[in-house]
Amino acid sequence: MQPLAGLRVIDMTAFLAAPTTQRILGEWGADVIKVEPPRGDPGRTQGTVFGTPCTDDENPGFDMSNMNKRFVTVDLRTEGGREVMDRLLADADVFVTSTRVKSLVKLGYDFDTLHRRFPRLVMAQVLGFGAEGPLKDAAGFDMTTYMSRGGVLATTANRGSSPMLPPSGFGDFQVSFVLAAGILAAVHQRDRTGQGDYVTASLLHSGVFMLNQAMIAAQYGNAYPKDRREVINPFNNTYYGSDGGLMALCAPEYDRDFDLVMRLVGREDVAGDPVLGVCTAVNEAGRNAEVVDLLDAAFATRPAAEWLELFGDHDVPLAKCQLPTDLYEDPQAQANDVLRTVTYPNGAERLLPTNPVRFAGQGEPELRLSRPQGADTDAVLAELGYSPDRIAALRSEGAVDGPTTPTPEEH
């Protein structure tokens, strides 16, 4: 069972956050038609930035956001192109775009205009900074808007150190699920009321929301960025084994687990300490660093693998901080279809992440790799009722483009 079977989505997006939303909906069974201008989605050529190939035969950087779609090329600057787009929208449930509002107004594809013409259509948009305010029309990107302006980089740095350098799209991929949730809520509302709505998710707002705890705590004098030696709960921290293996300890019930953890790390002499064993008392006495230093020294006496096994045997959450190459071999990831091996037209086999939401009735979702620009133009236009002659005329006008459908003799 495909949970979104029968839902048609028109995708006029670029780069990562907005197109990944439709990749997710496509994995859930929606019919997603990506509309690209003649120059194409710039995401098709970003492989050099991602460190991956970017050819029609192998383009995993584009696939991250554009699997499970059909591809048409339409020039909205032409009368014929706008005619095609209007037919697509008339037959659609959802229209998703990352084009800035002022450009949509010029094209006539802003929500107010579309809602008058297609009242049942749900329109969704990724914004950089939100629909209001002085930056409402400014360009927003993951690194500058979500990670930086949204507070993520400065808040998550270890005080005095440079912020983390996240992989491209770290915030974008989170925003894609934010927008997907909004779209499905709007579709549910439309099915009850008959009226489509306008759904937005901004990079700025999403970044702030993901920092919920810090955003609230800072009002109470909880200063950021933090130093790891001053962390409120020393059992929520990272530590190195003797071999340099990095581990994350997460035992939020500090008072309950203190004696057990001290015994596991060989510091039975500290178990039962009336100050160090009580999180409130540790903070009131300002002895957080003392506990962190104790654990640093203890963990440095044995390899990370030994600590992971020991803590696992006692059901105390301690995890290896894994790299992508570790996850390629992770049996837990393999057992849950977290990474799927796909085969490209050039024969290369690569691992791609699947989306993390699963439906028991669907099983493992199909992953269909992206196709060349305009690969489905003829098929989609035929579905819309265009005759072969009219499709040829639209091509000659430059209104649409893409590989031509071969005649039977050419097969």
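The values are calculated or read from the model by the stated rules, or taken from the named source; none is laboratory data. As the structure is a prediction and not an experimental result, all values here were calculated from the model. Backbone-built Cβ (ideal geometry, glycine too); neighbour counts: all protein chains shown. Please note that ligands, DNA and RNA were not included when accessible areas were found on the heavy atoms of the full protein model with its side chains. Shrake-Rupley method; radii C 1.70, N 1.55, O 1.52, S 1.80 Å.
Summary of computed values
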read-out	value
Most to least packed among 344-356, 177-189, 5-17 [average Cβ atoms within 10 Å]	5-17, 177-189, 344-356
Rounded to 5, percent antiparallel among DSSP beta bridges of the chain	40 percent
Ranked by how many other beta carbons lie within 10 Å on average, peptides 37-47, 300-310 from highest	37-47, 300-310
Gyration tensor (alpha-carbon) shape descriptor, region 1-107, a/c threshold 1.5	oblate
Exceeding the 27 Å Cα-Cα cut-off - candidates Lys69/Lys320; Lys34/Lys102; Lys69/Lys136	Lys69/Lys320; Lys69/Lys136
Under the Karplus curve 6.51 cos²θ - 1.76 cosθ + 1.60, θ = phi - 60°, whole-Hz ³J(HN,Hα) for region 135-142, x wherever Gly or Pro sits	9, 4, 9, 7, 5, x, 10, 3
Dipole of the chain, positive direction: furthest Cα of Ser387, Thr145, Gly363, with charges on the beta-carbon	Ser387
Computed over region 246-320, Cα set: Rg, Dmax in Å	12.0, 34
Accessible area per residue, Å², region 246-320 with all protein chains present, probe 1.4 Å	50 Å²
In Hz, Karplus ³J(HN,Hα) per residue of region 29-36 (6.51, -1.76, 1.60; θ = phi - 60°; x = Gly, Pro)	x, 5, 8, 9, 10, 8, 9, 10
Cα-based Rg of region 266-369 normalised by 2.2 N^0.38 Å, two decimals	1.68
Most fluctuating residue given options Asp273, Asp259, Asp376, as computed from a GNM of the chain linking Cα atoms under 10 Å	Asp273
Span per principal axis, largest first, for the Cα atoms of region 210-282 (Å)	38, 33, 17
Within the accessible area of the chain (1.4 Å probe), percent carbon and sulfur	55 percent
The chain: angle of helix 79-90 to the longest principal axis, Cα-based, in degrees nearest 10	60 degrees
Derived scalar couplings ³J(HN,Hα) [region 371-382; Karplus, 6.51 cos²θ - 1.76 cosθ + 1.60; whole Hz; x for Gly, Pro]	10, x, 4, x, 4, 10, 4, 4, 5, 5, 4, 5
Amide H contacts under 5 Å for Leu127, placed H, 5+ residues apart	Ala201, Ser202, Leu203
Highest average packing first - 279-287, 212-220, 86-94, 56-64, Cβ atoms within 10 Å	56-64, 86-94, 279-287, 212-220
Listed residues Phe50, Phe359, Phe173, most fluctuating in the chain (Gaussian network, C-alpha, under 10 Å)	Phe359
Under-5 Å amide H pairs with Asp227, H placed in peptide plane, nonlocal only	Arg159
Cα convex hull of region 168-305, projected area averaged across orientations, nm²	12.5 nm²
Radius ratio Rg over Rh of the chain, counting only Cα atoms, Kirkwood formula for Rh	1.06
